[in-house]
Structures are given as structure tokens and as C-alpha cells.
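Chemist: One structure follows; several queries about it will come next.
The values are calculated or read from the model by the stated rules, or taken from the named source; none is laboratory data. As the structure is a computational prediction, the values presented were derived from the model and not from experiment. So basically every Cβ, Gly included, is an ideal-geometry build from the backbone, and we count neighbours across all protein chains shown.
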Amino acid sequence: MAPNKHAEKLRRVAEKKGEADDQFRLGNLYYDGREGLAQDRVAAAAWWRKAAVQGLARARFRLGVCYLEVGAYTHSLFSST
């Protein structure tokens, strides 16, 4: 499944500018597998973590829920990103 133009643009902006809102939105797309992106919960958590480090409360919340869903073992996988 190839990402559509919106997802590609959002990924480029999130990588280049490092805007927390864009990183959060990209995490949401990966989490749900939307806009042509394959569902990838680890990638979603990685993007949410980048946004959370910048202080975005929504990203901190989603990342926390992710940790609760998968347990402490997977937390170590997410924290290395």
C-alpha cells in the first residue's frame, strides 16, 4: 500500500520541520493505517513520542495509552526511538 500525497507531504514536513502537531497527526495516521499508510503501532508511538518530548499534551496522552495497551515490555521498544 503506497502512502497518498497527503501522508507523504505530512511525513516530509514532520521530519524536516519537527513540528509537534504534524508529528502527532502522522502518528495518528500510522496508528489507524489511514491515508495509504500501513497500520504500524510502533511507528505511531515513535511519532507521538517525538511530539510528546516537545510538550504536546495530546501526544503524551496517546503515548501513555499505547503503553497501557501493550504493557511494560513493549515500553522498552518505544523508548529507544
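Chemist: Taking the condition surrounded by 15 or more Cβ atoms within 10 Å (Cβ to Cβ), within 11 Å of the chain's Cα centre (by Cα) and farther than 22 Å from Tyr67 by Cα, does Arg41 pass?
Modeler: It is false that Arg41 is surrounded by 15 or more Cβ atoms within 10 Å (Cβ to Cβ), within 11 Å of the chain's Cα centre (by Cα) and farther than 22 Å from Tyr67 by Cα.
Chemist: Could I ask something else about it? Name the residues in segment 21-33 that are over 8 Å from the mean Cα position of the chain (by Cα) and assigned to a helix (DSSP H, G or I), would you?
Modeler: Once the filter is applied, which keeps residues that are over 8 Å from the mean Cα position of the chain (by Cα) and assigned to a helix (DSSP H, G or I), segment 21-33 yields Asp21, Asp22, Asp32.
Chemist: Also: Which condition breaks for Gly36 when tested against (1) part of a loop (DSSP other than H, G, I, E, B); (2) at pLDDT below 90; (3) over 20 Å from Lys9 (Cβ atoms)?
Modeler: So Gly36 meets the others, but not (3).
Chemist: If the requirement is being without any contact (Cβ under 8 Å) to a residue 40 or more places away in the chain and closer than 14 Å to Arg11 by Cα, which of these qualifies: Arg25, Arg49, Arg60, Arg41?
Modeler: Going through Arg25, Arg49, Arg60, Arg41 in turn, just one is without any contact (Cβ under 8 Å) to a residue 40 or more places away in the chain and closer than 14 Å to Arg11 by Cα: Arg25.
Chemist: I've got another one for you. In segment 1-13, what count of residues is obtained for those that are modelled with pLDDT of 75 or more and small (Gly, Ala, Ser)?
Modeler: Going through segment 1-13 one residue at a time, the tally reaches 1.
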